[in-house]
Every structure is written in C-alpha cells, then in structure tokens.
Amino acid sequence: MNNLPSRQQAWELLCEFNKADRTLKHALAVEAVMRHMAGRYGGDAEQWAVIGLVHDLDFEMFPDQHCQKTQEILRQRGWPEEAVRAVVSHGWGVCSDVQPQSDLEKVLYAVDELTGLVAACALVRPSKSILDLEVKSVKKKWKEKSFAAGVDRGVIEKGAGLLNLPVEELIAETIAAMRPVAAQLGLAGSQG
C-alpha cells in the first residue's frame, strides 16, 4: 500500500472524529490484533495496524452512515484506494457490500467483533484482566446470547470461515495479540 499515512497520522485522524474512551480502546484493540495477525499472514505489520486503527473512523459521528462516511473521509484525505477498500470491507453484510478478499480484509472482518467479546470476557473475570483469560472462558460466554449481546457471533464465525481457521484458534490469536496492550485497553486488571 503506497502512501499510507503513518500510525501517528492515523491516530490523529481517528481522534478528530472520535472522543469516547470506549471507541478509542476498541480501535487500539483492533490495531493490536491486526499487527499481530500480519505476522501470521506475511503482511506489513504497520500497514495492517493502521487499517485496524481507523476501521471505525466514522462510527461515533456518523453511526447511520458507518463505512460510507469513512470511505468519503479517507478519500478526501488522500488515502490509497486499497486502504479505503480494506476499511470498508469490515462492514460487509452489515453496512457495506464490499466483500473481504485479501488476508488483511478477512482478518479485519473476523476480529472486529471478536475484540469486543474478548474485552467483555476479560472485564467480568475476578482479575478484570485479559492476562489470565483463556479460550475456554470466551467460548463459555459465547454461548450466553445475553452476554455482550451487541457482538454478532455470526460475523465472527463467517470471518473465521473466510480465514479457514477454527473459531477457537481465532480467539486464541486475538487474546495473545491484545495482551501486550492490556494496560492501554484497561484490561490489565489487578495484574497490571
């Protein structure tokens, strides 16, 4: 991806359109998972991370135009078309008709919802930490439809399918990716 803005520029753009702590922490979680997963798929970790950071750029200010407004903003700011497409593809089937095709797009689609579920699972632990969270705990909460009810498990399953990964493996990778930034995410609990 040529001419992709730096991580700092992406962060400043995100903060221009988003102020809520929850939104910013979600962006940081997705950024961390994208950086981690780039290694697994042979992608450029910084590029993947930047895409993850800005994926919900328009969510706070334009929730009814999610993905559509982001597309407009990124194009106005001169972002490469490949990056715009990648960001918009995470809303496939919900607020976008752009189907994830590249590994980067498939990972973003798969982990966006999952980071929210993993964070929620960490916060209900006695430790309030992701540092001791296990896959089996996430799978147990997965079955409770009232828990983190806003998380679309179907999207996560569909994303895991696009990546040819078992959901459990995707959960394990997501937990591993979020642990190094646990303190930033407010998920270090009593251990951080």
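Would you mind stating whether Ala10 is small (Gly, Ala, Ser), within 14 Å of the chain's Cα centre (by Cα) and assigned to a helix (DSSP H, G or I)? When the stated conditions are applied, Ala10 does not pass them. The set of residues in segment 68-93 that are acidic (Asp, Glu) and in contact (Cβ under 8 Å) with a residue 40 or more places away in the chain contains only Glu82. Residues that are under 14 Å from Met37 (Cα atoms) and either among the small types (Gly, Ala, Ser) or surrounded by fewer than 21 Cβ atoms within 10 Å (Cβ to Cβ) (or both) do occur in segment 146-161. Looking at this structure, is Val84 in contact with a helix residue (DSSP H, G or I) (Cβ under 6 Å, 6 or more places away or on another chain), over 21 Å from Gly42 (Cβ atoms) and of a type outside the set (S, T, N, Q)? Judged against the criteria, Val84 is a match.
In segment 94-112, the residue that is surrounded by the fewest Cβ atoms within 10 Å (Cβ to Cβ) out of those that are closer than 19 Å to Gly42 by Cβ and touching a residue at least 60 places away in the same chain (Cβ under 8 Å) is Asp103. Note on segment 113-136: among residues that are closer than 14 Å to Leu170 by Cα and out of contact with any helix residue (DSSP H, G or I) (no Cβ under 6 Å at 6 or more places or on another chain), the one that is surrounded by the most Cβ atoms within 10 Å (Cβ to Cβ) is Leu117.
Restricting attention to segment 86-122 and to residues that are more than 14 Å from the chain's Cα centre (by Cα) and of a type in the set (Val, Ile, Thr), the residue that is modelled with the lowest pLDDT turns out to be Val94.
Being more than 23 Å from Gln99 (Cα to Cα), free of Cβ contacts under 8 Å to residues at least 40 places away in the same chain, surrounded by 14 or more Cβ atoms within 10 Å (Cβ to Cβ) and out of contact with any strand residue (DSSP E or B) (no Cβ under 6 Å at 6 or more places or on another chain) is a property that holds for Ala172. One residue stands out among those in segment 44-93 that are under 22 Å from Val33 (Cα atoms) and in contact with a Cys (Cβ under 8 Å, 6 or more places away or on another chain): the one that is surrounded by the fewest Cβ atoms within 10 Å (Cβ to Cβ), which is His66.
The values are calculated or read from the model by the stated rules, or taken from the named source; none is laboratory data. What you are looking at is a predicted structure, and each value in this text was computed from that prediction instead of being measured. Backbone-built Cβ (ideal geometry, glycine too); neighbour counts: all protein chains shown.
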